[in-house]
Amino acid sequence: MHNLTRLRRSDFPKHLILIPILIFTYYPLFFVFANSLKDNAQFAQSIFNIALPLHFDNYTNAWPSINSFIVNSIVVAAISVVATLVTGSLAAYVLARFRFPGRELVYLFYVGLLLVPQVLTLIPLFLEMKNLNLLGSWLALIFPYTAGGQVLAVFILRAFFEGISEELFEAGRIDGATDWQLYLRL
């Protein structure tokens, strides 16, 4: 019991530092949520305080105006994540399990792309989407998100595929599994 008390006392300075960080991190979320539950008069009267009564009907009133935007965001995000995982895992599997000349150089180029700020690709991506006549469509968002996620997906998934024991792949090959079967099942 004495050791437990000593541990708690030694954690006290850490908590003194972490509590203000926690407040600064979560107060903006609380602020937005509290203001979303006010009517116009309550909002004009006091921005920083909680005002009663709470107006949960603000959400039902706002939903018809924003539901199409939320649905679009969910659809674009879901398709982009699936496309990134499928294409990124295929590339990572090849870079992790196949031996070919220049394999490490290709991987280094992939990792080097992590150093390119995405803001530098903004105008070229816009011009490319314009040339492909995709502006105003979901594809104008899905293609760049998928391409932008490739680098990190390959970086992470290659390490995952290299962590799988080579003996499992050898056992699969002995049992007659093709490379596609090994990719899909292991």
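The values are calculated or read from the model by the stated rules, or taken from the named source; none is laboratory data. Just so we're clear, the structure is a prediction, and the values are computed from it rather than from any experiment. Glycine gets a Cβ as well: all are built from the backbone with ideal geometry, and neighbour counts include every protein chain shown. For the accessible areas, the whole protein counts, side chains as well, though only heavy atoms, and no ligand, DNA or RNA atoms are used. Shrake-Rupley method; radii C 1.70, N 1.55, O 1.52, S 1.80 Å.
Given the stretch 47-116 reduced to its alpha-carbon atoms as identical point scatterers, what log10 I(q)/I(0) does the Debye formula return at q = 0.12, 0.13, 0.19, 0.20 Å⁻¹? Log-scaled intensity ratios, in q order: -0.62, -0.65, -0.90, -0.95. Phi angles of the stretch 98-108 translate, via the Karplus equation with coefficients 6.51, -1.76, 1.60 and θ = phi - 60°, into HN-Hα couplings of 9, 9, 8, x, x, 4, 5, 5, 4, 5, 5 Hz per residue; Gly and Pro are given as x.
Nonpolar atom fraction for the stretch 1-88, defined as the carbon and sulfur part of the 1.4 Å probe accessible area, stands at 74 percent.
Which whole-number percent is the relative contact order of the stretch 46-154 (Cα, under 8 Å, 6+ apart)? Before the final figure, lay out each step's value.
On the way: 42 pairs, mean separation 51.1, N = 109.
Relative contact order, the stretch 46-154: 47 percent.
Neighbours of residue 177 by Cβ distance under 15 Å: Lys/Arg scored +1, Asp/Glu scored -1, total -2. Gyration tensor analysis over the Cα atoms of the stretch 15-64 returns equivalent ellipsoid semi-axes of 27, 13, 7 Å (largest first, whole Å).
Over the chain, Cα pairs under 8 Å with separation of 6+ residues give a relative contact order of 24 percent.
The calculated P(r) of the chain, using every Cα pair and 5 Å bins from 0, goes 1, 6, 9, 9, 9, 9, 10, 11, 11, 10, 7, 4, 2, 1, 0, 0 in percent.
In the stretch 111-186, carbon and sulfur make up what percent of the accessible area (probe 1.4 Å)?
Working: 3790 of 5510 Å².
With neighbouring chains kept in place, the figure for the stretch 111-186 is 69 percent.
Per residue, the chain reaches -26000 deg cm²/dmol at 222 nm when only DSSP H runs of four or more residues are counted, each adding -39500 (n - 2.57). Computed with a 1.4 Å probe over protein heavy atoms only, the accessible surface of the chain comes to 75 Å² per residue.
With all pairs of different C-alpha atoms in the average, the Kirkwood value for the hydrodynamic radius of the stretch 114-186 is 15.3 Å.
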